[in-house]
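What follows is calculated from the coordinates using simple rules that are stated; it is not laboratory data. Keep in mind that this is a model prediction, so the values were computed, not measured. Reconstructed Cβ throughout: ideal geometry from the backbone, glycine too, with neighbour counts over all protein chains shown.
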Amino acid sequence: MPHILTTFALLGLSTIAALAAQALGLPLPFLMGALVLSATVAMAFPAHLPDGYRFPHWLRLLFIAVIGLMIGAQVTPELFVQIPRLMLSLVALTFFVVVAHGFNFWVFRRLGAYDRATAFYAATPGGLFESIAMGEEAGADLARLTLQQFLRVIVVVTALPLGLSFWLGEPVGSAGGMTLARDAVPWHSLPWIVLAGLAGLALGHVLRLPAKQLTGPMAVAALLSLTGAFPIDIPQWLVNVAQVVVGTALGMRFTGLSHALILRGVALSLVSVAGMLILAAICAEALYLTVDEPFDTMLISFAPGGVTEMALVALSLQANPALVTLHHIWRIIVTVLGLSLTRRWLRRFL
């Protein structure tokens, strides 16, 4: 019973923190607000938690599936219409993923002195949840891995929208009120959403997909969207709840991290993200005339932030959100496929 009450209390406090982050106009407020709150509790008040307390794994798994459904639902036929004219850009993005991953591995391994597994999975320039899940399977230090992966997203989705906001003179992204989810989803659609999520979890388990709790539902939602059989529309409130639950669960993994270690992680992340954004700007400058898209659109397409936030920034700029989403989904696919195809070799190397 104490563990159940603690979970409810954490989720309640995380919800308040998420709403406060939203009121402040911060990017990804429901995920980041919950993460910061629960991480603060885990690091500053561990003695106040019940002995042996762990956030319920099954609850985290279910709501990761919701996020997978939301991402997969963005894979529409319109995305594939963009592919022929963007082949050069997607090839360049594949190059970006490889180079950025190598640079980040050097940062975390040499400058951060992380062990190989932690440095390798912390270095991935995409696939936040996939990298955390696969890194956990590979024996990486989960607290440090989670810290670096979230810092990557936090720094990118904070710095880039804020920089563009100052440049344009108005808020962009989720801070500007943009969203990819739908508010007008009827309640009778919820059982179908649940069914799709469970089918995705089962598919991921049967096929032994990497990060199966995310990639399985993502694959099911993408298939339903592409075939037009039953496109999945996720209501905004459910996306918000999922982000609060997942953010709270991941924040509790920060138990035992010292303030010095966090500051060190922030410094490493600033070096890592600065290098990736410079590389992204070089790619955007080289490509924007070729693909007939503005420089800022290509920069957003290459920036290693979250799929959702970067697509929202594109909407704010009246850019092509399908183009931006295609690039970010491709970045995740390249990252996850690369990790999956090299998994056996990585076990010997790491």
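Couple of notes before you dig in:
- As a proxy for reagent exposure, ranking Leu5, Leu250 by other Cβ atoms within 10 Å from fewest up yields Leu5, Leu250.
- Cα-based convex hull, the range 18-101, per residue volume (Å³, whole number): 183 Å³
- Radius 14 Å from Cβ of Val271, net charge of other residues (Lys, Arg +1; Asp, Glu -1): +4
- Label separation (Ala44 vs Ala274): 2.8 nm, computed from points 7 Å beyond Cα along the C-beta direction.
- Peptide ranges 258-266, 234-242, 123-131 listed from the most packed, as the mean C-beta count within 10 angstrom indicates: 123-131, 234-242, 258-266
- With the simple spin-label model, which puts each label point 7 Å out from Cα in the Cβ direction, the Leu190 to Leu341 separation comes to 4.3 nm.
- Most tightly packed first, judged by the mean number of other beta-carbon atoms within 10 Å of their residues, the peptides 194-201, 68-75 read 68-75, 194-201.
- With a Förster radius of 22 Å applied to the beta-carbon distance between Gln236 and Ile333, the computed FRET efficiency rounds to 0.30.
- A Förster distance of 35 Å, applied to the separation of the beta-carbon atoms of Ala281 and Ala229, puts the FRET efficiency at 0.30.
- Model label sites at Met87 and Val206, defined 7 Å from Cα along the beta-carbon direction, differ in position by 3.5 nm.
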